[in-house]
Amino acid sequence: MSEACSGCSSTAQGGCGGSGAQDLEAMAAQKRLKDNLARIRHRIVVMSGKGGVGKSTVAANLAAGLALAGKRVGLLDVDVHGPSIPRLLCLDQSKVDVEGDLIKPVMWGDNLKVMSLGFFLPNGQQAVIWRGPVKIGFIQQLVGDVEWGDLDYLIVDCPPGTGDEPLSAVQLLNPGAHALVVTTPQAVAIDDVRRSLGFCAEIGIPVLGLVENMSGIVCSQCGNIEELFGKGGGEALAKEMAVPFLAALPLDPQVVRSGDEGWVYIKHHPERPTALALRPVIDAALGLDAAKA
């Protein structure tokens, strides 16, 4: 401590002006966060108990489906270690602009605003090695400092599991958020998603519904659905846990191709079986808007 500060009354609070400036900055950040959330009608957090169940694909197609229905939508990718949303929307070459304190989201079409850590990485493939507090601070910044504007929906693609990132995202967005939980028919995925539903109950976020992804596979030749991985586990769990079962989504080879090549499945194949099966999920989200009107 310098001699000039030795008699300052703020010394006991950490030095002259230091903590005060930090407090003001924190207050300003909290105000931006509060103001942003006040302009978002509905917040849907897409979760899964484990990785590899197609959570990000569901989140991307839900957001695109709502946008194609004319809604003002934001899609926030907070999967810090696996930010796949840019590729899924063919935005992986996009970069963000910063104006003053605000981060400009990347646009998909006319009314879908997208933000992801992937936009900040030099080549989109760099490993992110952050400790918990840094990840939590980054999630707060993406919610509070992005220029979301007025939105009907903010869809949040969370990392799998029930760790720091999902907890932080839900705490930031709640009250007023809903969870959409994605699983696959396999027993190991069902066990994990049971924990996710328990997590939702414990922290007080209502569940919009449960989606069983990869519920069979669409034959590329005849279009019939074969139950390759089994079926019905998600629906049985939804009944057990008393949450809505929204959809059983078959695995369409075109979904895999769209994810790899970066074009949005629901836009290019709206009449394919998986797109049709996704309609009740979109309708459930639209039902939130109707209920609040």
**Hits in the stretch 241-257 - residues which are in a helix (DSSP H, G or I) and touching a residue at least 12 places away in the same chain (Cβ under 8 Å)** = Met241, Pro253, Gln254, Val255
**Asked** Taking the stretch 69-109 only, how many residues are among the basic types (Lys, Arg) and in a loop (DSSP other than H, G, I, E, B)?
**Response** 3
**Message:** Kindly evaluate Glu202 against the criterion of being modelled with pLDDT of 80 or more, farther than 24 Å from Gln254 by Cα and loosely packed, with under 13 Cβ neighbours inside 10 Å.
**Reply:** yes
**Message:** One residue is enough: does the stretch 160-167 have a residue meeting the conditions among the charged types (D, E, K, R), in contact with a Ser or Thr (Cβ under 9 Å, 6 or more places away or on another chain) and closer than 20 Å to Val46 by Cα?
**Reply:** no
**Message:** Step by step: first the residues of the stretch 135-188, then only those that are in a loop (DSSP other than H, G, I, E, B) and acidic (Asp, Glu), then the one that is farthest from Leu76 (Cα to Cα). Which residue is that?
**Reply:** Asp150
**Message:** Which residue is nearest to the chain's Cα centre (by Cα), if the candidates are limited to the stretch 63-75 and must be under 13 Å from Trp108 (Cβ atoms) and among the hydrophobic types (A, V, I, L, M, F, W, C)?
**Reply:** Leu75
**Prompt:** Out of all the residues in the stretch 21-54, which are among the charged types (D, E, K, R), more than 14 Å from Gln140 (Cα to Cα) and free of Cβ contacts under 8 Å to residues at least 24 places away in the same chain?
**Reply:** Asp23
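Okay, residues lined up against (1) under 22 Å from Ser258 (Cβ atoms); (2) surrounded by 24 or more Cβ atoms within 10 Å (Cβ to Cβ); (3) modelled with pLDDT of 90 or more; (4) touching a Lys or Arg at 6+ places or on another chain (Cβ under 7 Å):
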| site | (1), (2), (3), (4) |
| --- | --- |
| Arg72 | no, no, yes, no |
| Leu76 | yes, yes, yes, no |
| Leu89 | yes, yes, yes, no |
| Ile103 | no, no, yes, no |
| Val114 | yes, yes, yes, no |
| Gln126 | no, no, no, no |
| Gly132 | no, no, no, no |
**Message:** Looking at Pro244, Pro270, Pro280, can you tell me which residue is in contact with a Gly (Cβ under 6 Å, 6 or more places away or on another chain) and at pLDDT 85 or above?
**Reply:** Pro244
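The values are calculated or read from the model by the stated rules, or taken from the named source; none is laboratory data. Note that the coordinates shown come from a computational prediction; the quantities given were computed from them, not determined experimentally. Note: ideal-geometry Cβ built from the backbone for every residue, glycine included; neighbour counts use all protein chains shown.
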